[in-house]
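Quick note: the coordinates plus some simple rules give every number you see, no bench work behind them. Values in this document were obtained by computation on a predicted structure and should not be read as measured data. Ideal geometry is used to build each Cβ from the backbone, glycine not excepted, and the neighbour counts take in all protein chains shown.
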Amino acid sequence: MKCPVLLLCLGCAAARDLDGDGLEDAAPEGSCCINGYGINFADSSCGDTLAEVVALCCPSPFVARYSLQQQGEDTNSFDCVSFISEEDCNAYGALWSDDSQLGPGGCAAPTRPARSILTDGF
């Protein structure tokens, strides 16, 4: 009689990929690289949707998300963020951020639901 064998990898952690680029994030939890913050769609030439912003103004490895402000997610503006290392962020000339600068949740992934960075602390 043949029995199927189930192999488990105990202690194996799933790769953290908050921006969905297929690569494991180098930024520690709560940190990110910002290459544009609070940019109003209407005041930019980046387009009217997050997809247009990604294509025109958030070059790889950065991704667009609706801007996370103290009052919550602002769908009238966007941020360009990446979860690369601080060293790589500096090489891009972008702003390295962690919870001490934007508050808890300021470096949330683009796919998270709308929340307030002050009250939800995600």
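For the peptides 22-31, 83-92, residues were scored by their other Cβ atoms within 10 Å and the scores averaged per peptide; the highest-first order is 83-92, 22-31. For L18, the amide hydrogen comes within under 5 Å of the amide hydrogens of D25, counting only partners 5 or more places away or on other chains and with H modelled in the peptide plane. Karplus-derived 3J(HN,Hα) values for the stretch 50-55, using 6.51 cos²θ - 1.76 cosθ + 1.60 with θ = phi - 60°, are 5, 4, 5, 4, 4, 5 Hz; glycine and proline are entered as x. Highest-first packing order for the peptide set 63-69, 48-54 is 63-69, 48-54, based on the mean count of other beta carbon atoms within 10 Å. Taking amide H positions as modeled 1.01 Å from N, with prolines and chain starts lacking one, the residues under 5 Å from R65 and 5 or more places away or on another chain are D79, V81. Evaluated with a Cβ-only charge set (Lys, Arg +1; Asp, Glu -1), the stretch 32-102 carries a dipole of roughly 140 debye about its Cα centre, given to the nearest 20.
Since only Y66, L50, F83 are under comparison, the one whose Cα sits farthest along the positive direction of the charge dipole of the stretch 32-102, derived from C-beta charges on Lys, Arg, Asp and Glu, is L50. Sequence-ordered 3J(HN,Hα) estimates for the stretch 63-70 from the Karplus curve with 6.51, -1.76 and 1.60 and θ = phi - 60° stand at 10, 9, 9, 5, 5, 8, 10, 4 Hz, glycine and proline given as x.
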